[in-house]
């Protein structure tokens, strides 16, 4: 397995997109820090808003913006082998197709998570430096830990989802379209339709990406005047821990299905 991980990292690190996307996420993270520093002092952003900003605003964008940018790594790791006809080389180099698939999932998910977390921590540092220079109070760092831990797990899942779906359909474009449109629009519409059914009124709370948003919202302000608006953006009232479990189970199902397809499909 170690050999497979090294082989896959060598492939992924050769992708120009990895370094381009890393630079974009880093710049966004620094900009988030400036935003927190300028607006997050006394009477400014609440701790919940600081957490949301560090997670690349999943409330506003319906998923972390970094996930929308970095999930392409998972799709590319699978699709590039078929588009460039290198799958046979991979299968002959590594001990098994299952090992190759697990290496792709692991390398792309960990790489994306590290990039997103480092960028978020950069934003936190930049924000704290600006707040300190202005003489404003710093955010309560310990209270941000659960949100950032959930953020790391959600970021692990996104490239894995992309890789699993690409292994199932073999083409990258449908996966990109699905993962861009479903969390933003289509899941909301499906939830509204399901909510009209008397016996399934609470089911929309448990849809995978609504659950993922709930998982990222650990910091909840008491007596928040905007609580109703925030809940509408979340689309789910379930506990963050339950939301994280649901999203992980959904991801695992897609990854397992993709692994079966990847192991059985003939190499071009």
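If only one of 114, 118, 126, 107 is buried (at least 19 other Cβ atoms within 10 Å of the Cβ), under 19 Å from residue 18 (Cβ atoms) and at pLDDT 80 or above, which one is it? Step through it out loud before you land on a result.
Details: 114 fails: buried (at least 19 other Cβ atoms within 10 Å of the Cβ); 118 fails: buried (at least 19 other Cβ atoms within 10 Å of the Cβ); 126 fails: under 19 Å from residue 18 (Cβ atoms).
Just a single option satisfies the conditions, and that option is 107.
Of all residues in segment 45-61, exactly one satisfies the criterion of being buried (at least 22 other Cβ atoms within 10 Å of the Cβ) and on the phi > 0 side of the Ramachandran plot, namely 56. Exactly one residue out of 161, 181 is at pLDDT 90 or above, within 22 Å of residue 114 (Cβ to Cβ) and part of a helix (DSSP H, G or I), and it is 161.
Taking residues in segment 162-184 that are in contact (Cβ under 8 Å) with a residue 24 or more places away in the chain, and partners anywhere that are surrounded by fewer than 16 Cβ atoms within 10 Å (Cβ to Cβ) and not in a helix (DSSP H, G or I), the pairs with Cβ atoms closer than 9 Å and at least 6 places apart or on different chains are 167/265; 170/265.
Is it the case, given these coordinates, that residue 236 is surrounded by 13 or more Cβ atoms within 10 Å (Cβ to Cβ) and either modelled with pLDDT of 90 or more or outside any helix (DSSP H, G or I) (or both)? Answer is yes for this residue. Remark: residue 101 matches the filter, which requires a residue to be over 18 Å from residue 23 (Cα atoms) and at pLDDT 75 or above. Suppose the filter is in a helix (DSSP H, G or I) and touching a residue at least 12 places away in the same chain (Cβ under 8 Å); does residue 193 pass it? So residue 193 fails the test.
The values are calculated or read from the model by the stated rules, or taken from the named source; none is laboratory data. Remember, predicted model here, so these are calculated numbers, not experimental data. Ideal geometry is used to build each Cβ from the backbone, glycine not excepted, and the neighbour counts take in all protein chains shown.
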